[in-house]
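S.K.: Right, I'll just put the structure down here and ask away after.
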Amino acid sequence: MEKLIVSGGNRLRGTVQISGSKNSALPIIAATLLTAEPCTIRGVPNLSDIQFMCDILKWLSVNVRHHKTDGVVEVHAQHPLGVAPYDLVRKMRASVCLLGPLLARLHNCKVSLPGGCVIGDRPIDQHIKGLKRLGAEVEVQNGYVHARCTELVGTDVFMGGRFGSTVLGTANIIMAATLAKGITYLEGAACEPEIEDLCDFLTKMGAKIKGSGSHMLVIEGVEQLHGAEHTVIPDRIEAGTFMAAAAMTGGDIEIKGARAEHLCAVRDKLEEAGATVHRNNGSIRVQATGLLKPVDVITMPYPGFPTDMQAQMSALMTVTPGISVITEKVFPNRFMHISEMARLGADVSLEGSSAIVKGVRGLSGAPVMASDLRASAGLVIAGLGAEGETEVNRIYHVDRGYEKLDQKLRALGAKIERVAE
């Protein structure tokens, strides 16, 4: 086990290169199960979640080569097995997106109910409903989802849920529908950039998809898909995290590779808070030299403010004069980082699905415990703005979603060190 020691007080300055999107790479790697031909995925970040997905595919008798230093994953799924076991799937929520491609390819599969971050209830009822609409029989028994069919048949499928469209559910149904007989009309689909990226890859494989990037997708099933090469999009949440870090430290950071069009809501809130955000050719520059102002944030499905940036924005508001209200509409219980930020001196109270943040003069370093991937990033940002040393424990959460976060921050002037517990 390792931890991060963050010594706050340094302004971050310089240039940072954004890695490929984890949330794009995982379903795209799963999608390679749809074909017996080789596929090559580029721009894949070297993260533990990526390694977990590669390990699952290897267990399924798939030939996988993960070139970690080059960011390349090569997959050749000639004869995949149809059972994904608990011991591997429990480590990562995104492993549930194996369900759609395995069912479409084999017509019979068993996938363990997924694990991942503890950020509140995340049922897979919309996944199951969608697969049933396509003609599958689905049972949940002994911790496994068992899906089977004679064939999948296109139909109307509505993907809206209690807290909006499900991203992984949308990915699962898209992948299943590519090999279904006839046309599938997917209404209320998630339109996150990661879903559009998946559709781009599937189109390269020979899928027929219209409406990519919108809430209405039309998918005409084909008899088979072929191999393809693809480069995943940059990680918008990593970019947003560095944007928040620049604002937290009064810094000046150029974030190379970031797509500004994927970060409009984050950019809007940071500008409202008083930071200067410039959109350059293939990069975003954030400067925060003046006094910040409080803002109200409501997380929503894309293109709204991302739930995966809520903890980072909460950290920034803890030292922003005035009162800010952070409302979580996607995962209403996603506030486990609040009690840890209080250990640093933050003044935050919870009222239902909202956090009331009263900005304090400054935070002071203390030992804190990361509860999930984005909470860990929020605690690191809080530590960057705190006086003294902040000890962030359980940083395996960080390594699930941020490639070399401590090294990148150090290159920007942060005092941050990874040590053994």
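The values are calculated or read from the model by the stated rules, or taken from the named source; none is laboratory data. This one's a predicted model, so the numbers in the text were calculated from it and none came from an experiment. A quick note on method: Cβ atoms are made from the backbone with ideal geometry, for glycine too, and the neighbour counts reach across all protein chains shown. All accessible areas refer to the heavy atoms of the entire protein, side chains included, with ligands and DNA or RNA removed. Shrake-Rupley method; radii C 1.70, N 1.55, O 1.52, S 1.80 Å.
S.K.: Sketch the reach of a paramagnetic label on residue 293 as a point 7 Å from Cα along Cα-to-Cβ, and name the residues of segment 301-325 whose backbone nitrogen lies under 18 Å away.
M.R.: What the label zone holds, given the 18 Å backbone N cut-off, is 316-325.
S.K.: Next question. Could you give the spread of the C-alpha atoms of segment 336-421 along their three principal axes, from largest to smallest, in whole angstroms?
M.R.: 36, 26, 23
S.K.: By DSSP, what percent of the beta bridges with both residues in segment 257-407 are antiparallel, rounded to the nearest 5?
M.R.: Of all bridge pairs located within segment 257-407, approximately 60 percent are antiparallel.
S.K.: In the full protein assembly as shown, how much of residue 278 is accessible to a 1.4 Å probe, in Å² to the nearest 10?
M.R.: Residue 278 has an accessible surface of roughly 80 Å² with all protein chains in place.
S.K.: If you don't mind, there's one more thing I want to ask. What is the percent carbon and sulfur in the accessible area of segment 265-310, measuring with a 1.4 Å probe over the protein chains and ignoring ligands?
M.R.: Whole-percent figure for carbon plus sulfur exposure: 48.
S.K.: Just to be sure I understand: of the beta bridges DSSP finds with both ends in the chain, what percent are antiparallel, rounded to 5?
M.R.: 70 percent
S.K.: Which value, in Å² and to the nearest 10, is the accessible area of residue 144 when all protein chains are kept and the probe is 1.4 Å?
M.R.: 50 Å²
S.K.: Same structure, new question: So if each residue of separation counts as 0.36 nm, and I subtract the Cα-Cα distance between residue 421 and residue 107, what length gain in nm does that give?
M.R.: 108.4 nm
S.K.: Determine, from the Cβ-Cβ distance of residue 87 and residue 342 and an R0 of 56 Å, the FRET efficiency 1/(1 + (r/R0)^6), rounded to the nearest 0.05.
M.R.: FRET efficiency, residue 87 to residue 342: 0.95.
S.K.: If a/c stays under 1.5 just call it rounded; otherwise compare a/b with b/c (prolate if a/b is bigger, oblate if not). Do that for segment 236-278, with a ≥ b ≥ c from the square roots of the Cα gyration tensor eigenvalues.
M.R.: Since a/c reaches 1.5 but b/c is at least a/b, the shape of segment 236-278 is classed as oblate.
S.K.: Let me ask you something else. Find which of 309, 248, 60 sits farthest along the positive direction of the dipole of the chain, computed with +1 on the beta-carbon of Lys and Arg, -1 on that of Asp and Glu, about the Cα centre.
M.R.: Selected residue: 248.
S.K.: Send over the per residue convex hull volume for the chain, Cα only, as a whole number of Å³.
M.R.: In the chain, the Cα hull volume divided by residue count equals 121 Å³.
S.K.: Kindly provide the pair-distance distribution of segment 147-297 built from C-alpha pairs, with 10 Å bins from 0 and whole-percent values in order of increasing distance.
M.R.: Values per bin, smallest distances first: 11, 31, 25, 19, 11, 3, 0.
S.K.: Give a quick list of trypsin sites (Lys or Arg not before Pro) in segment 50-83 that DSSP marks as loop, anything other than H, G, I, E or B, with at most 15 other Cβ atoms within 10 Å.
M.R.: Passing sites in segment 50-83 are 68.
S.K.: While we're looking at this one, here's another question. How much of the accessible area of segment 318-421, probe 1.4 Å, is carbon plus sulfur, in whole percent?
M.R.: That fraction is 48 percent.
S.K.: Would you calculate the separation in nanometres between label points at residue 333 and residue 51, each defined as 7 Å from the Cα along the Cα-to-beta-carbon direction?
M.R.: Each label point lies 7 Å from its Cα, and together they span 3.0 nm.
S.K.: Could you tell me which residue out of 123, 169, 112 lies farthest along the dipole of segment 81-226 toward its positive end? Charges go on the beta carbon: Lys and Arg +1, Asp and Glu -1, centred on the Cα centre.
M.R.: Selected residue: 112.
S.K.: For segment 138-233, run through the trypsin sites (Lys or Arg not before Pro) and keep only the ones in DSSP coil with at most 16 other Cβ atoms within 10 Å of their Cβ.
M.R.: Qualifying residues, ordered by number: 162.
S.K.: If you don't mind, there's one more thing I want to ask. Contact order normalised by length for the chain, with contacts defined as Cα pairs under 8 Å and 6 or more residues apart; what percent is it?
M.R.: Computed value for the chain: 21 percent relative contact order.
S.K.: For segment 9-55, what is the relative contact order in percent, using Cα pairs closer than 8 Å and at least 6 residues apart in sequence?
M.R.: Relative contact order here is 44 percent.
S.K.: Roughly how many nanometres apart are two label points built 7 Å out from the Cα toward the Cβ at residue 58 and residue 158?
M.R.: 4.4 nm
S.K.: How long is the gain from residue 220 to residue 1 if the chain were fully straight, where each residue apart is worth 0.36 nm and the alpha carbon distance is subtracted?
M.R.: Once the chain is fully extended between residue 220 and residue 1, it gains 74.1 nm.
S.K.: May I pose another question? If we count every other residue with Cβ under 13 angstrom of residue 269's Cβ, Lys/Arg +1 and Asp/Glu -1, where does the sum land?
M.R.: -2
S.K.: Return one whole number: the accessible area per residue of segment 65-181 in Å², for a 1.4 Å probe.
M.R.: Value returned for segment 65-181: 44 Å² of accessible area per residue.
S.K.: Let me ask another. Given a Förster radius of 25 Å and the C-beta distance between residue 15 and residue 261 as r, what FRET efficiency does 1/(1 + (r/R0)^6) yield to the nearest 0.05?
M.R.: Step by step, r from the Cβ atoms, then E = 0.80.
S.K.: Placing unit charges on C-beta atoms (Lys and Arg positive, Asp and Glu negative, everything else neutral), compute the dipole magnitude of the chain about its Cα centre in debye, rounded to 20.
M.R.: Here the chain has a charge dipole of around 200 debye.
S.K.: Which order do the peptides 385-392, 373-380 come out in when sorted by mean C-beta neighbours inside 10 angstrom, highest first?
M.R.: Final packing ranking: 373-380, 385-392.
S.K.: Also, quick follow-up: For the pair residue 141/residue 323, report the inter-label distance in nm, with labels modelled 7 Å from Cα in the Cβ direction.
M.R.: With each label placed 7 Å out from Cα toward Cβ, I get 5.5 nm.
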